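The values are calculated or read from the model by the stated rules, or taken from the named source; none is laboratory data. Because the structure is predicted, anything quoted here is derived from the model rather than measured. Reconstructed Cβ throughout: ideal geometry from the backbone, glycine too, with neighbour counts over all protein chains shown. Accessible surface is based on the protein model in full, side chains and every heavy atom, while ligands, DNA and RNA are left aside. Shrake-Rupley method; radii C 1.70, N 1.55, O 1.52, S 1.80 Å.
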Amino acid sequence: MAFFKNFLDKICSDDSSKGSKGGPGETAYFGTIKADPNFNAQNDAEILKKAIETKDVNEATIVEVIAKRTNAQRQQIKAAFQQSTGKPLVDALKNALKSDFEDVVLALLMTPPEYNAFELRRAMKGLGTSEVVLSEILGTRSNKEIEELKNAFKEAYGQLLEEQIKHETSGNLETTLLALCKATRNENSKIDDGLAKSDAKALFDAGENRIGTVCSVLVDVLTTRSEAQLCKIFKYYGQYSKNSFAKDLASELHGSLEDCLMTLVKAAWNKPALFAEKLHLAMKGLGTNTDTLTRIIVGRSEIDLLKIIQEYKRMYGKTLQEQILKETAGDYEKILLALYPFLQPEKWNSFISHIMDFLKKFTQQVNDDSTMGFKGPPETGYFGTVKADPNFNAQNDAARLKKAIETKGVDEATIVEVIAKRNNAQRQKIKEAYQQSTGKPLAEALKKSLKSDFEEVVLALLMTPPEYDAFEMKRAMKNLGTNEDVLSEILGTRTINEIEALKRSFKEVNGELLEDEIKSEIKGDLETTLVALCKGTRSEDPNIDDGLAKSDAKALFAAGENRIGTVVSVLIDILTTRSEAQLRKVFKYYSELSKDGVAKALEGELTGDIEDCLMTLVKAACNKPAYFAERLYLAMKGLGTNTDTLTRIIVGRSEIDLLKITQEYKRMYGKSLQEQILKETSGDYERIMMAICGAP
């Protein structure tokens with residue numbers, strides 16, 4: 001099994017700091033809140049009493065106590081407070097707090113069933129009903145959770161949840177919600193292949209294959225089958241329809257029923273991604289839906305919030321923490337972030353241990369796994385997928401493109417054939433010939449004719465590699481927020497010549513130095529790392545200095561166990577100055593120094609951008625094609641596809657090592673890159689991506 005896949009599987013299976021998709025039998029903990037090992041309910045109750053009675057209220061203490069205890073511990077604090085003061089803690093906090101901060105604190109003090117029942121009641125209270133909330137809760141809870149919330153609803157509000165739903169909803173939506181409310185959905189992890197095939201056919205016949213939709217069939221299948229079974233059904237559905245089931249569902253239905261059934265589809269496919277999407281929408285545009293933000297952050301904090309955080313970063317290119325900081329303020333912001341794990345300076349030693357564990361596992365794997373391929377002299381063959389056309393004629397190609405652009409509806413097939421089947425040097429000559437014959441830039445003509453992701457790929461292919469790198473760097477730092485992942489990916493994987501060329505291009509196009517732009521957008525250790533890489537002075541000497549490798553290994557070992565002050569600087573210095581070959585030797589010697597007890601699992605808080613950057617350098621040194629294969633896999637994993645990442649890597653590596661990347665992808669994930677692209681993309685974008693990957 002490939003090393004990087006093993007590493008990711010390790011995180012998925014036994015590292016509670018990382019959220020990742022796993023099988024039905026996974027037992028790892030993916031919440032962000034853990035029990036306080038020094039917990040004392042009486043002490044906490046006394047601390048809260050003092051914080052509440054302090055003039056103006058000590059909100060910081062309330063955050064520290066309430067947000068840093070598990071729900072079970074909070075229930076004990078409530079009991080201790082009631083016993084010592086004779087008053088309910090909830091009432092005392094209600095009188096002392098206000099606004100969104102109060103809502104979060106009170107939510108945290110409820111048991112999960114009480115909070116689910118409260119949110120359902122609120123969704124149906126007053127004028128109008130928030131059907132989205134009903135679908136979200138009932139469509140994502142287990143049978144046990146639904147039974148518990150029904151009991152809590154009856155106890156708190158004196159009526160059956162089912163009766164309230166019947167009173168507030170109607171039609172197919174009512175039928176769907178009541179079916180979910182029964183809590184009889186199959187939760188068996190075993191898949192019935194024959195049933196999956198017949199269900200897929202039934203869904204197709206009930207929807208796309210007829211005029212009108214038989215909603216009862218959709219409701220029955222989606223509310224009774226297990227999530228694992230549904231995923232199998234969706235796979236077989238593709239044998240009947242050219243579209244995915246989700247796409248057909250969206251075209252067949254509308255309104256609240258569509259939202260409800262789509263929730264069931266998305267939850268079956270990737271529940272953390274569903275919640276990540278809902279968080280994104282809650283903070284998108286003007287204003288923030290704090291009800292949704294609170295409900296998901298609090299409700300999933302002891303279930304799968306770590307997975308949701310991971311999916312959010314993958315899907316939207318920025319951390320959930322960044323977006324919360326941008327969209328919230330004051331005590332509300334503080335308590336949400338207290339429920340969210342993020343990098344803290346005092347946690348650096350644990351991070352170093354994680355890095356060292358990674359290095360140790362890598363060197364052990366290198367000794368056993370010939371597929372890593374670092375033995376012997378450097379390879380000299382060509383590993384790109386795009387080659388020069390031997391019959392190239394720039395004027396003919398320019399004329400073909402002109403005709404394709406001017407054709408009614410635009411001839412995209414010809415554009416793909418010409419642009420994707422020439423190497424970059426030939427494309428530059430085509431641009432010159434087009435300008436000479438028409439008096440207009442080819443890029444501008446294509447911009448006006450094309451759209452969406454297809455346009456992005458075509459324009460990327462027309463840039464020189466330095467121009468494209470510079471364009472991506474600028475885009476990563478443009479507007480509000482910075483996509484640090486892109487900066488790390490580009491600067492951490494380019495040669496000295498490539499970095500120098502992109503810096504010149506960046507200055508020429510943007511009128512400023514790349515280093516100055518980085519300094520204005522990034523701070524702290526990440527800035528130091530990126531600026532060091534930006535210097536373009538990293539060693540590329542293929543010869544290995546054995547003595548230096550040994551001393552570097554000792555320095556890394558010491559940095560992982562000694563004081564905080566020197567740790568980061570040592571890591572940055574070694575990882576940004578040594579050649580990749582030298583680093584691999586350093587990692588080998590490190591394994592001779594490290595003992596089994598040194599490595600610790602990565603703490604939940606360590607999900608920051610500096611970790612991503614340094615891990616990029618480590619992975620790129622170990623196996624650069626495998627690093628890019630992993631990036632492509634994550635870009636297409638789960639709901640939605642990160643086409644920016646997909647385009648950047650496929651285009652950027654097409655004349656460097658895309659053949660190696662495709663080989664690594666197949667080795668690591670058991671399927672070809674082309675298969676996954678076909679599954680995740682469509683139309684002209686799919687065609688041009690496949691052409692770049694070498695499809696005829």
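Just one of the numbered conditions (1) touching a helix residue (DSSP H, G or I) at 6+ places or on another chain (Cβ under 7 Å); (2) closer than 16 Å to Pro112 by Cα; (3) β-branched (Val, Ile, Thr) is not true of Val63: (2). Exactly one residue out of Ala399, Ala445 is part of a helix (DSSP H, G or I), among the hydrophobic types (A, V, I, L, M, F, W, C) and more than 30 Å from Thr641 (Cβ to Cβ): that is Ala399. Just one of the listed residues (Ile52, Ile62, Ile66) is touching a residue at least 40 places away in the same chain (Cβ under 8 Å) and over 17 Å from Glu333 (Cα atoms), namely Ile52.
All conditions in (1) at pLDDT below 85; (2) farther than 19 Å from Leu138 by Cβ; (3) open to solvent by 10 Å² or more (accessible area, probe 1.4 Å) hold for Leu253, with the sole exception of (2).
Thr645 meets the stated requirement of being of a type in the set (Val, Ile, Thr), under 27 Å from Leu274 (Cα atoms) and surrounded by fewer than 24 Cβ atoms within 10 Å (Cβ to Cβ). On inspection, Ala183 does not qualify as open to solvent by less than 50 Å² (accessible area, probe 1.4 Å), assigned to a helix (DSSP H, G or I) and of a type in the set (A, V, I, L, M, F, W, C).
Inspect all residues belonging to the range 446-453 and state whether any of them is within 20 Å of Ile650 (Cα to Cα), under 24 Å from the mean Cα position of the chain (by Cα) and either aromatic (Phe, Trp, Tyr) or modelled with pLDDT under 95 (or both). The answer is yes; a qualifying residue exists. Within the range 166-180, restricting attention to residues that are small (Gly, Ala, Ser) and open to solvent by less than 60 Å² (accessible area, probe 1.4 Å), the residue that is nearest to Val217 (Cα to Cα) is Ala179. In the range 260-338, counting only helices (runs of 4 or more DSSP H) that sit wholly within it, the ones holding 2 or more residues that are over 20 Å from the mean Cα position of the chain (by Cα) and in contact (Cβ under 8 Å) with a residue 24 or more places away in the chain span 290-299, 330-338. Among the residues of the range 470-507, the ones that are among the acidic types (Asp, Glu) and either touching a Gly at 6+ places or on another chain (Cβ under 7 Å) or open to solvent by less than 10 Å² (accessible area, probe 1.4 Å) (or both) come to 4 in all.
Among the conditions (1) at pLDDT below 95; (2) farther than 30 Å from Ile324 by Cα; (3) touching a helix residue (DSSP H, G or I) at 6+ places or on another chain (Cβ under 7 Å), the only one that Gly381 does not satisfy is (3).
When Cys231, Cys260 are checked against the criterion of being open to solvent by 10 Å² or more (accessible area, probe 1.4 Å) and either under 24 Å from Cys181 (Cα atoms) or at pLDDT 90 or above (or both), Cys231 stands alone in meeting it. Of note, Asn289 does not satisfy the criterion of being open to solvent by less than 20 Å² (accessible area, probe 1.4 Å) and over 22 Å from Pro113 (Cβ atoms). Residue-level analysis places Arg210 among those that are open to solvent by 20 Å² or more (accessible area, probe 1.4 Å), modelled with pLDDT under 90, of a type in the set (Lys, Arg) and more than 20 Å from Glu131 (Cβ to Cβ).
Across the range 508-523, not a single residue is classified as assigned to a helix (DSSP H, G or I), open to solvent by less than 40 Å² (accessible area, probe 1.4 Å) and either at pLDDT below 90 or within 22 Å of Lys624 (Cα to Cα) (or both).
Considering (1) farther than 21 Å from Ser130 by Cβ; (2) of a type in the set (Gly, Ala, Ser); (3) assigned to a helix (DSSP H, G or I), the lone condition that Ser256 does not fulfil carries the number (1).
Can you name every residue in the range 456-469 that is open to solvent by 40 Å² or more (accessible area, probe 1.4 Å) and acidic (Asp, Glu)? Glu456, Glu467 - these are the residues of the range 456-469 that are open to solvent by 40 Å² or more (accessible area, probe 1.4 Å) and acidic (Asp, Glu). Can you find a residue in the range 588-597 that is modelled with pLDDT of 90 or more and either aromatic (Phe, Trp, Tyr) or part of a helix (DSSP H, G or I) (or both)? Within the range 588-597 (the criterion being modelled with pLDDT of 90 or more and either aromatic (Phe, Trp, Tyr) or part of a helix (DSSP H, G or I) (or both)), the answer is no, since none of the residues qualifies.
Taking every residue in the range 675-696 that is closer than 20 Å to Ala629 by Cβ and of a type in the set (S, T, N, Q) and pairing it with any residue that is open to solvent by less than 20 Å² (accessible area, probe 1.4 Å) and not in a loop (DSSP other than H, G, I, E, B), at least 6 positions away or on another chain, the pairs with Cβ-Cβ distances below 9 Å are Gln676/Leu632; Gln676/Met636; Gln676/Tyr665; Thr681/Met636; Thr681/Leu646; Thr681/Met689.
Considering only residues that are part of a helix (DSSP H, G or I) and touching a helix residue (DSSP H, G or I) at 6+ places or on another chain (Cβ under 7 Å), which ones fall in the range 480-497? Scanning the range 480-497 gives Glu484, Asp485, Val486, Leu487, Ser488, Glu489, Ile490, Leu491.
Just wondering, is there one or more residues in the range 263-277 that are at pLDDT 90 or above, open to solvent by less than 10 Å² (accessible area, probe 1.4 Å) and within 27 Å of Ser99 (Cβ to Cβ)? For the range 263-277, residues at pLDDT 90 or above, open to solvent by less than 10 Å² (accessible area, probe 1.4 Å) and within 27 Å of Ser99 (Cβ to Cβ): present. Restricting attention to the range 415-434, the residues that are more than 25 Å from Arg653 (Cβ to Cβ) and either β-branched (Val, Ile, Thr) or touching a Leu at 6+ places or on another chain (Cβ under 7 Å) (or both) add up to 1. Looking across the range 35-76, the residues that are surrounded by 14 or more Cβ atoms within 10 Å (Cβ to Cβ) and in a loop (DSSP other than H, G, I, E, B) come down to Phe39, Asn40, Val57, Asn58, Ala67, Lys68, Arg69, Thr70.
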